[in-house]
Amino acid sequence: MNCELLATCSALGYLEGDTYHKEADCLESVKDLIRYLRHEDDTRDVRQQLGAGQIVQNDLLPIITQHRQDKALFDACIRLMVNLTQPAMLCFGKVPEDPVFRFHFLQLTSHLQAYKEAFASESVFGILSEILYNLLQLDWEQRQEEDNLLIERILLLVRNVLHVPANPNEEKKVDDDASVHDRVLWAIHMSGFDDLVKFLASAQSEQQWSMHVLEIISLMFRDQTPEALVSAGHARSAEEKQRDSQELEALRQKEHAQKRSRTLQRGTRHSRFGGSYVIQGLKAIGDKDVIYHRNLQNFKNYTHDIGKAVRRVPKRNRRAQECKDKRRSALNVRLFLREFCVDFLDNCYNRLMYLVKESLIREQTQQHDETYYLWALSFFMAFNRGNGFRADLVSETMSIRAFHFIERNITNYYEMLLTDCKEATSWSRRMHLALKAYQELLLTVNEMDRSQDETIRQSSSVIKSNIFYLMEYREIFLTLLRKYDETRQPHSYLKDLVESTHLFLRMLERFCKGRRNLMVQSQGKKQQSAAETSPEALEEAWKIHLSLFCLQLSESLTESIVPFDATSETPLEEQRTEAMVRVQDALLARMGPEALGLLRAAREVWPEGDVFGSADVEPEEELELLKQILHANLPRSSPLENGVEEDEDGAESEEEELESVQVSETEFNFQDFIKRFANPSIVQPYLLLLKSYSKNTPHTNHCIARMLHRLAVDLKMDALLFQLSVFHLFNKILSDPAAAAYKELVTFAKYVLKRFFSLAAQNNKAYVELLFWKNVGAVREMTEGYSKDGCVLSFKPTWTEEEEEELRKLYEEHRDSEGSLVICLLSAHLSAVNRTRRQVVTQLVHMGLKIIVNNLFFLIQRKGTRIVLWTEEQEEELQMLFEEYRDSDDVLGNILKKLTAKRSRARVVDKLLSMGLVSERRELYKKRSRKFLAELTQGFPDDSVDTDDEDEREDESEDSEEEDDEEQEREKSQNGKMFFVLFFNVTGMSGPLLWLQNCLNRTANDREEDGLSQPVPVVPLTEANEEAMDNKSFQRLLRKLGLRAPADEQESFWRIPAKISAFQLRSAAAALNPREDQPGEEQDGSKSPTRDPQQHEGEEEEEVSGEQRSQALRALLLARKRKHHTSEDTGTCGRIIFCTLRQVAPLNYSFLTEMNIKRKMVLIDEEDDED
């Protein structure tokens, strides 16, 4: 012990026999100890040393028992003991994982257990009870602040002592024996402290201590169960005797079966040689049968796993540990606790639970204090049910508010279980506690149903009506079963969950039997715009708009419409998409003038790319543009995904719907509700609990069997249990020597196996199906038959011969119409009204009827495609083009240019792979002969492509959604070289460009002087340069120049690789200047000054002056460029910049640019002529 602590403890006094003699400065020494505890380190060294010195046992407890008349000393000792007895978990925050801190944690826990044993004294609690009684006798006006503090500290001290965990290794007590905790409880009872606790719980003037009282009560009953307390002092009932006899009979049958098996294994004649046998049908590691070298008596237990080391289960996959088992206390303790429960229910329960609930709602308590409320609710309501049920004793917690409070806590605990992984065990225990409380509420409602009092039965009916009506109460068990995780939630939680589900379904079934039409709340998905977006509705809307547009297309709308919000935080590109959606919404709402005005306003705001049409668009083109917007499938702000992706061969699907959650009333059907349990994710927890059938209670096994019976017999979905692990479990049950004790499980297992073998006689694939868990669709397929292609049965309507003939006649009548109009007319005139446009298109292709689908991109809507189906002629064309260009550098690019029906790059690649023309995608990669730096040295050839590197280029090619036209590709190739320089100069980033040029030139000079090449970091020293280095476009420029990004966490800056020569660096630096072949400068006729290698050689001789001269030339170049830019040149430059920007970050507006291809081709041809 520390010398100062030792001196302070010695100054307290000494114990001589049973008398304690305190020193003169005893009070100051106690205060010094409190001060030492305030400044202890993380290992809690001070309290460990005080615990080792047994200061509580030898000094503090004798002081408060023999010198209680010294009020100041008594208060100081109580204050010190409250500090010393606080839980170790509170001192360390959590159970430490570090071995050193774990040792200190265990040491502190052992000291606390020694303190608890010292407190198991009637004299100690007698003094505490006397002091507390005197304080409570004071009126509220007479009570001082020090008195309230002392009351709170006494309650905290008792709580801390009761909270100390038991040490099973030291106590080693059996049931009905008195443990340390029992002795503390008996001391509390003999001192009358329990009566003071009940007074604090019931007194109206002491409601501020409600939370402390509830904590003390919960810790008093920590090791108890309501059933054990109810039966204390009573003779065993007939039901208990029968249950015990059944358990003994099962154990006796198991013992006899084991004896018989041992007798059979010994054999009648001894043999020193076991012999060797060949097991036919059981293969060894090779192709031969297994050779068995043991006695035949043990052959039934043979497996391939004999002799193998048990595989270690990872910690994250281990099952959650169970909480400590309950134990039965001594009889006198149980009798006293039973009397306490009876008095508490009669006088205190309702008031105390009301006060605690109000404190929790108003957040006047500490964190996780609601767990004490949940425990008290489940424990005392269970005791009330067993001890002659009286509804008035628990009326405070028997309400819909209690159901709502518990349901909200269960949801919160589950969310925290998923997010707070480090404390998952604690959240799982809290969730289990909330589930127990919910189960107890249901059991109490069920008990109220059997009451003889008509008022109580009516109250029960009202509560059940609310529970079964509201959706969150009705579906909570479905959610909990579906989300069960055995690695986080213990086996006891699953047991309570299964029993609670069984009780709820039994109550719901009984409630539905006496009612014909039971209306409940349901949450459905409402189809909002399916009718509005049907082809018939769109065509009708377009006809209405057509007459209005003919009058207004040539006029200028006077109404000012703003298509964007300047104050919004939404990016400009997203606002452009929203403007397109607003145009479509206006057309759907029959607001033609507003849609036209919004389109023209958006064209003025976003002229780049001609997304909303060109500035000189013709009225006919504008009309066609509006029609395409009306039929287009535009991305909405929050579309609901339907989660099912269609196959590429034109799989049929229903029209897209805008859905929203809608709460409504619907008629409840119990069988439909049970069908929701027919899911593998719900059945698997039941079977997991069934694996421990021998340890389960008969009631638990009955709950499991009843649920499986509902699914297999009532719903006729026995195939849901046709799984190999389930059959293995059934085999274990049937071969159990004590199978007679599980008659219900045995009967059900035989029924399922019989159904399977009868099905296997008809379905030869049934044995293969045993390997998989099956959903409802697979179950129906397995029992009713498979479809032709072996996939899940399709419930979509088929085409009869009459319908096919009708479709063929309609096609012949309207085949000369426009492609988009053909499908609309066919869908409108078909007699079958349930045919979608996609079904019509698919059937036409299936019948071999050719249709023009170039403009049907909104009918066969798939991301990045306009045509999904491949005809035989198109496949032959693709094969011919592949054979023609298979030896070229860009096989895929040439095929896309020559392909008649334009398709995306990904679609062509997939088709080439499916046809077997190529074995892998790498064969279609473009063959590059030189890098970007090599192109810089050769003066930027015209056929270079604006890409980052080969890997990124191939990834972007595979993931590209829409392939541009040949003219757009040529425009991108011509303008991509100078985009970065033009863009950064226009957007005010010319400073970082000059800095980058200086870095490249300086590195080139250093490498020529030293003759060595090492990676050189590019370190930005100004704020503008740092912002540029964080800019993604600027980083892309760095990659194009050959610079390397930071490789790992140890590198912070970009680096100039060592493999780049000085000549390449100078060429890259020169490339950062605007070139002579810039379109804007060619129109002016002015040319930018350039520097050749000879000039560089002359400048290298003068380092300082050469660098200054290059900076001056660049500044002159920028000034001349700005000076000579006319309005026309600026427009051309802006068009190049915005066009290239659109290529860098493309949007899916390709369906709006088809009508502008001719105009773009003219512009590109003019630029080609200028070049």
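Taking every residue in the range 142-161 that is farther than 15 Å from M220 by Cβ and free of Cβ contacts under 8 Å to residues at least 24 places away in the same chain and pairing it with any residue that is open to solvent by 10 Å² or more (accessible area, probe 1.4 Å) and part of a helix (DSSP H, G or I), at least 6 positions away or on another chain, the pairs with Cβ-Cβ distances below 7 Å are D147/L135.
In the range 753-767, the residue that is farthest from L724 (Cα to Cα) out of those that are touching a residue at least 12 places away in the same chain (Cβ under 8 Å) and outside any helix (DSSP H, G or I) is N763. Just so you know, in the range 144-183 the residues that are open to solvent by 20 Å² or more (accessible area, probe 1.4 Å) and over 47 Å from the mean Cα position of the chain (by Cα) include one that is nearest to T109 (Cα to Cα), and it is R183. The set of residues from the range 170-183 being under 10 Å from A330 (Cα atoms) and either aromatic (F, W, Y) or in a helix (DSSP H, G or I) (or both) comprises D182, R183. Taking the criterion of being of a type in the set (K, R) and either on the phi > 0 side of the Ramachandran plot or assigned to a helix (DSSP H, G or I) (or both), the only residue of the range 130-158 that qualifies is R153.
Within the range 900-914, the residues that satisfy the criterion of being open to solvent by less than 60 Å² (accessible area, probe 1.4 Å) and over 12 Å from E877 (Cβ atoms) are S904, R905, A906, R907, V909, D910, L912, L913.
Mind checking whether some residue in the range 97-113 is open to solvent by less than 20 Å² (accessible area, probe 1.4 Å) and without any contact (Cβ under 8 Å) to a residue 40 or more places away in the chain? So far as the range 97-113 goes, no, none of its residues is open to solvent by less than 20 Å² (accessible area, probe 1.4 Å) and without any contact (Cβ under 8 Å) to a residue 40 or more places away in the chain.
To keep it simple, each residue is scored yes or no on (1) open to solvent by 60 Å² or more (accessible area, probe 1.4 Å); (2) touching a Leu at 6+ places or on another chain (Cβ under 7 Å); (3) closer than 23 Å to V445 by Cβ.
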site: M381; (1), (2), (3): no, no, yes
site: F389; (1), (2), (3): no, no, yes
site: R401; (1), (2), (3): yes, no, yes
site: H404; (1), (2), (3): yes, no, yes
site: I410; (1), (2), (3): no, yes, yes
site: Y414; (1), (2), (3): no, no, no
site: S426; (1), (2), (3): no, no, no
site: R429; (1), (2), (3): yes, no, no
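Screening the candidates W209, W186 for the property of being in a helix (DSSP H, G or I), aromatic (F, W, Y) and within 45 Å of the chain's Cα centre (by Cα) yields one hit, W209. Taking the range 342-372 as the range and being under 30 Å from the mean Cα position of the chain (by Cα) and in a helix (DSSP H, G or I) as the test, the residues that pass are L360, I361, E370, T371, Y372.
Identify, by number, the condition in (1) in contact with a Lys or Arg (Cβ under 9 Å, 6 or more places away or on another chain); (2) open to solvent by less than 60 Å² (accessible area, probe 1.4 Å) that C323 doesn't meet. The number of the failed condition is (2). Any chance the range 314-332 includes a residue that's under 26 Å from R488 (Cα atoms), polar (S, T, N, Q) and at pLDDT 90 or above? Checking the range 314-332: not a single residue is under 26 Å from R488 (Cα atoms), polar (S, T, N, Q) and at pLDDT 90 or above.
Matching residues to (1) under 17 Å from C9 (Cα atoms); (2) in contact with a Phe, Trp or Tyr (Cβ under 7 Å, 6 or more places away or on another chain); (3) among the hydrophobic types (A, V, I, L, M, F, W, C):
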| site | (1), (2), (3) |
| --- | --- |
| L37 | yes, no, yes |
| D41 | no, no, no |
| R44 | no, no, no |
| Q48 | yes, no, no |
| G51 | yes, no, no |
| Q57 | yes, no, no |
| P62 | yes, yes, no |
| Q69 | no, no, no |
| L73 | yes, no, yes |
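Each row is one residue, and each column tells you yes or no for (1) in contact with a strand residue (DSSP E or B) (Cβ under 8 Å, 6 or more places away or on another chain); (2) more than 20 Å from R153 (Cβ to Cβ); (3) not in a helix (DSSP H, G or I).
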site	(1), (2), (3)
I64	no, no, no
I78	no, no, no
M81	no, no, no
L90	no, no, no
K94	no, yes, yes
E97	no, yes, yes
R102	no, yes, no
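The values are calculated or read from the model by the stated rules, or taken from the named source; none is laboratory data. The shown structure was predicted, so the numbers you read here are calculated from the model rather than taken from an experiment. A quick note on method: Cβ atoms are made from the backbone with ideal geometry, for glycine too, and the neighbour counts reach across all protein chains shown. Keep in mind that these areas ignore ligands, DNA and RNA; they rest on the heavy atoms of the full protein, side chains included. Shrake-Rupley method; radii C 1.70, N 1.55, O 1.52, S 1.80 Å.
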